[in-house]
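Notes follow the structure.
The values are calculated or read from the model by the stated rules, or taken from the named source; none is laboratory data. Treat the numbers as computed from the prediction; the structure is a model and nothing was measured. Cβ atoms come from the backbone with ideal geometry, glycine included; neighbour counts cover every protein chain shown. With ligands, DNA and RNA removed, areas are computed over all heavy atoms of the protein, side chains included. Shrake-Rupley method; radii C 1.70, N 1.55, O 1.52, S 1.80 Å.
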Amino acid sequence: MDLSIAIVSWNTRDLLNDCLVSVPGAAHGLEYEVIVVDNASSDGSPTMVSEAHPEVKLIANEANAGFARANNQAYEVGAGRNFLLLNPDTVCHADSLTTLVR
């Protein structure tokens, strides 16, 4: 696997959805995985991820574990040669992640 993408989220449902929608076009030609770690959001973020993006690995924390710990949770399950920390308010441009990995 070329790339593991970790996204830590807390009450960013709509921004997170936009981010997740942008990833496939940004990672064109790569073998990648997306891991979302939700830090106990109350806005329905985990449900949105499960329903709209079933290909995403979701870790739904019962309490806010904080940014660093949540990224470590993603790192523990990531299988990529490269590991990217991506903020949920990021919309990736076409082929940007492919360029980054190359």
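Accessible surface computed residue by residue for the chain, with neighbouring protein chains in place and a 1.4 Å probe, gives 55 Å² per residue. I need the shape label for segment 54-102. Rule: rounded when a/c is under 1.5, else prolate if a/b > b/c, else oblate, with a, b, c from the alpha carbon gyration tensor. The shape class here is prolate. So, R0 is 22 Å and r is the distance between the beta-carbons of VAL77 and ALA40; what FRET efficiency does that work out to, to 0.05? For VAL77 and ALA40, the calculated efficiency is 0.75.
Distance between the pseudo-spin-label points of ASN87 and ALA68 (7 Å out from Cα toward the beta carbon): 1.9 nm.
Loop by DSSP (not H, G, I, E, B), at most 15 other beta-carbon atoms within 10 Å: where is the longest site-free stretch of the chain for GluC sites (Glu not before Pro)?
63-102
Near LEU15: Cβ cut-off under 11 Å, other residues only, Lys/Arg at +1 and Asp/Glu at -1. The net charge is -3. The local environment of ARG102, defined by Cβ-Cβ distances under 13 Å, has a net charge of -1 under the rule Lys, Arg +1 and Asp, Glu -1. At q = 0.18, 0.21 Å⁻¹, work out log10 I(q)/I(0) for the chain with the Debye formula, treating every Cα as an identical point scatterer and leaving solvent out; two decimals please. Log10 of I(q)/I(0), two decimals: -0.77, -1.04. For every other residue with a beta carbon closer than 15 angstrom to the beta carbon of PHE67, add +1 if it is Lys or Arg and -1 if Asp or Glu, then tell me the sum. Computed value for this residue: -1.
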